[in-house]
1. Within region A:261-279, count every residue that is outside any helix (DSSP H, G or I) and touching a residue at least 60 places away in the same chain (Cβ under 8 Å).
2. Enumerate the helices (runs of 4 or more DSSP H) found wholly within region B:124-237, keeping only those where 3 or more residues are within 13 Å of another protein chain (Cβ to nearest Cβ) and surrounded by fewer than 24 Cβ atoms within 10 Å (Cβ to Cβ).
3. Could you count how many residues in region A:44-76 are more than 23 Å from A:W228 (Cα to Cα), within 20 Å of the chain's Cα centre (by Cα) and surrounded by 15 or more Cβ atoms within 10 Å (Cβ to Cβ)?
4. Return only the number of the condition from (1) hydrophobic (A, V, I, L, M, F, W, C); (2) under 21 Å from B:A16 (Cα atoms); (3) in a helix (DSSP H, G or I); (4) touching a Ser or Thr at 6+ places or on another chain (Cβ under 7 Å) that B:A102 does not satisfy.
5. Looking at A:A198, A:A269, which is the one that is farther than 25 Å from A:T101 by Cα and modelled with pLDDT under 95?
6. Is there any pair linking a residue in region B:53-77 that is on the phi > 0 side of the Ramachandran plot and of a type in the set (K, R) to one that is surrounded by fewer than 17 Cβ atoms within 10 Å (Cβ to Cβ) and assigned to a helix (DSSP H, G or I), with Cβ under 7 Å and at least six apart or on different chains, and which?
7. Can you tell me how many residues within region B:20-49 are part of a strand (DSSP E or B) and charged (D, E, K, R)?
8. Can you find a residue in region A:239-251 that is buried (at least 18 other Cβ atoms within 10 Å of the Cβ), within 30 Å of A:V103 (Cα to Cα) and touching a residue at least 60 places away in the same chain (Cβ under 8 Å)?
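The values are calculated or read from the model by the stated rules, or taken from the named source; none is laboratory data. Please read all numbers here as calculations on a predicted model, not as lab measurements. We place every Cβ from the backbone using ideal geometry, glycine too, and count neighbours over all the protein chains shown.
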Protein chains: 2
Amino acid sequence: MTDPLALVAPGAMGAALGARLVAHGVPVLTALEGRSASSRARAEAAGLRVVATGELMQARWFLSVVPPAQAMALAREFAGWCQGVVRPPVFVDLNAINPDTAVQVQAVIEAAGARFVDGCILGFPPKGDAPGPTIYLSDDAAELATLLQAHGLQARTLRGGVGAASALKMAYAGINKGVALLGAAMALAAQRHDAGDALRAALGQTHPALLAQLDHALPDLLPKARRWAPEMEEIAAFMGPERPEAGIYTALAAHCRALADDLDGAGKAAAVLRAFPAI
Amino acid sequence: MTDPLALVAPGAMGAALGARLVAHGVPVLTALEGRSASSRARAEAAGLRVVATGELMQARWFLSVVPPAQAMALAREFAGWCQGVVRPPVFVDLNAINPDTAVQVQAVIEAAGARFVDGCILGFPPKGDAPGPTIYLSDDAAELATLLQAHGLQARTLRGGVGAASALKMAYAGINKGVALLGAAMALAAQRHDAGDALRAALGQTHPALLAQLDHALPDLLPKARRWAPEMEEIAAFMGPERPEAGIYTALAAHCRALADDLDGAGKAAAVLRAFPAI
């Protein structure tokens, strides 16, 4: 019997990771105090065992899988739960935070007497038979990588200490999501001039793999655009505000919000992006 | 014997297009008044026939292949040359200008009594046996497309009238060059955190074609970055300043200038981008 693992993860990614581990025989503990009804529903559907926070503290590993804006808040909650606990879990931050934020989270965790591991998740939530995303962990967490790898997930270690996994996540998302958002901006602009089909034809001739990626990403990003906005701002912070590249990601965040507002409103841009793969 | 074609094109793309046509038996006329010594050298190496501007006016087609900032200036020069000419050439604008600028160029050309055709060039200059770029022309220039296609170049027509070819160029360049510039920003940021190799490995696993594109583009864009900056600003204008997407391209223009300044100066970023394919 594998030791239980603690996971606080209100969203789709965390629930899917938890479900995969449960299906492979790992007991996954979670706490839901202060969480929403949909977080509860996802946790129960995933087969997670809902416990009081005190019981979470008995796990050897504690995985934080939350939106970037909540990463520090969860770290502070965890620090509070550590009070009086002799051997708290290792706190593993898997969030899309920039390396500076990771160092700040590390400080909070270590001040509470717990160990901190920097990590990240690249890819989509695991689903069905697909292998799912890859979890990257700093190389002092090789034991956890082996455990995850043995129980249905893909995990690797990364040299470089605290910040390297966060930097990898920022750069990978900056390319992957950045490309999707640039593609959306250009598809919308081309369609305003009735040139969307010519753009598809030209891209298909010279960049067929990129076109296939956009065909998937453009309809797919619509419901995610609201969530991506703060992630783009986290990438801008990762660049450093003094660099001109930071402005690219600040503008991508504004573009995300405009797409999300359109989806909640008139839906004109959304209709164009949904139709793009078939024009 | 094919009728001569007029081409004013001081740069590498125009010279290469001209050389390809000359090699396929089309006489290509050009004028060099007010052009630089390197423009002259390129024109002569390409086998273009240097004539006075009056003689250019005897051609049936006049191709404008200049940096976007010079497109309007050349149109005004051409309008001057048209004075007293009974049947001036059709003015074909193949430049990376936004659709609004294309409409303004059209007005200048038509006021001078000549016909205007909107077009664009997608891809790299033709070289050796490679097919070279594709020239897109509005569908009222089918005759020119047939001529180019019969003489060593790839050409297609595009429905949509004036503005469609310009919109296609903007959107295609906005994706193609935008992806390269995002990749450069992220490769530099990842390397600052010693995570460049992890980024390569992760991209290679999930996006092998995109990684291959970046491996080519990152070293390749360095000498082009200075020239790309105004092209990114043209794309920002194409979006319309009121849209948040415009800010993406304004920031990409600033990123281009920073890369060009680095190349002219300390060369630290240039060294990282050159090394990227081999880390």
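1. 1
2. B:164-192, B:196-206, B:208-221
3. 4
4. Condition not satisfied by B:A102: (2).
5. A:A198
6. Sorted first by the residue in region B:53-77, then by its partner, the list stays empty.
7. Of the residues in region B:20-49, 1 are part of a strand (DSSP E or B) and charged (D, E, K, R).
8. Yes, there is a match, as at least one residue in region A:239-251 is buried (at least 18 other Cβ atoms within 10 Å of the Cβ), within 30 Å of A:V103 (Cα to Cα) and touching a residue at least 60 places away in the same chain (Cβ under 8 Å).
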